Every structure is written in C-alpha cells, then in structure tokens.
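What follows is calculated from the coordinates using simple rules that are stated; it is not laboratory data. Since the model is a prediction, treat every value here as computed from it, not as a measurement. As a convention, Cβ positions derive from the backbone with ideal geometry for all residues, glycine included, and neighbour counts pool all protein chains shown.
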Amino acid sequence: MSEPNKLHDAIFPHLPVLRQWLLRRLDRKEDVEDVVQDVWMRLCRLPDQGVIENPRAYLFRTAGSVMTDRFRRGEVRAAKRHEELTEIRHPVEEITPERVLMGKNEIERVVARIGMLPERTRDIFVLSRFENLNNKQIAAAMGISVSAIEKHMMKAMRALLEESDD
C-alpha cells in the first residue's frame, strides 16, 4: 500500500468531525471545503507521513494552522474591506459620443489652465507630471531648492483645482 493511501485511511474517518469543527469556527461556511483541501495538501506534502502517531490530533492541529494562515492572509490583503465588483455598485459606463466630447473639453480646459500658469510654475508642473521627474531632480535641473519646487507645485495644483470648481 502506498503512503498516500495510508494517510487517506488514517485521516478520512476524521473528516466529518473536522468539517463540523470548521463550521463552528469559520465566518463563511463555503470556506470549509477550501480549508479541508488546504489541510489535505499540507498532509500530502509531509516528507514522512508514516510518523504521525495521532492522526486525528495532527489533522486538527494542521486545520488550526491553515485557518490561522488564511486569517493572516486575509488581514494583510484587507479582504473583509473589499467590495464585490457588481453592476449595481459599479455600473459600467458606456463610451458615448457625448462622454468623449465632454472628456475632450475637460482636457482642453486643463491644458488652457496649465498654459495660464506663470512660466516657472508651469515648467515645474510639466516636469513633474508629464516628464515624471521627482522634486529633487527638478530642483537640480532648475538650480533651485526642493522647497521651492514644492511651493510651485502647490501653486499649480491650487490653480488647476480652482478652475475645475467653476
């Protein structure tokens, strides 16, 4: 008899009790089979499956580790704060000729507003936003301080935001 069959024979009788145990501990009942699958995968990866003295205890300890890992992974990914991407919450907007025209008009307004900025402020804004240079690189290129770059950027952003409010 191969090792996986021995493992299966030792673990299989305890799976119904494990499923009940998991049902009481998991928030989402549909996760039970996923946890059972993860437990089984961990058990199959054991280098020497024959050394398990108490298969039931090992099964439950492994299930506890799997649940802890899933919880930690969920916390790191902030899974509980995710929203399902549904049509009701996030409607698909069609690209209509009206929307295209509105977008072009908005771009023209922003470009015009950028053109109305003082020359040095405009140059700094363009280097930052369109050339993707950081403040330190812009300061070195223009021979001014990083603080001055930050002030020009705030001035540019304020001017652009004021225009968008109209």
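Tabulated results
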quantity	calculated
Compactness of segment 3-81 - radius of gyration and Dmax, Cα, Å	13.3, 42
The chain, relative contact order [Cα under 8 Å, separation at least 6], %	16 percent
Distance in nm between pseudo-label sites at GLU106 and SER145 (7 Å out along the Cβ direction from Cα)	3.7 nm
For the chain, fraction of C-alpha pairs farther apart than 20 Å, in %	71 percent
Cα-only radius of gyration and Dmax that characterise segment 97-165, units Å	13.7, 46
FRET efficiency estimate (nearest 0.05) - Cβ-Cβ, ALA78 to CYS44, R0 22 angstrom	0.10
For segment 97-165: relative contact order, % (alpha-carbon pairs under 8 angstrom, 6 or more apart)	35 percent
Span from the segment 111-151 Cα centroid across to the segment 3-65 one, whole angstrom	60 Å
For segment 56-70, 3J(HN,Hα) per residue [Karplus equation, 6.51 cos²θ - 1.76 cosθ + 1.60, θ = phi - 60°, Hz, x = Gly/Pro]	5, 5, 5, 4, 5, 5, 5, 4, x, 5, 4, 5, 4, 4, 5
Stretchable slack from ASP9 to ARG70, in nm (0.36 nm times residue separation minus alpha-carbon distance)	19.3 nm
About the Cα centre, charge dipole magnitude for the chain (Lys/Arg +1, Asp/Glu -1 at Cβ), debye	700 debye
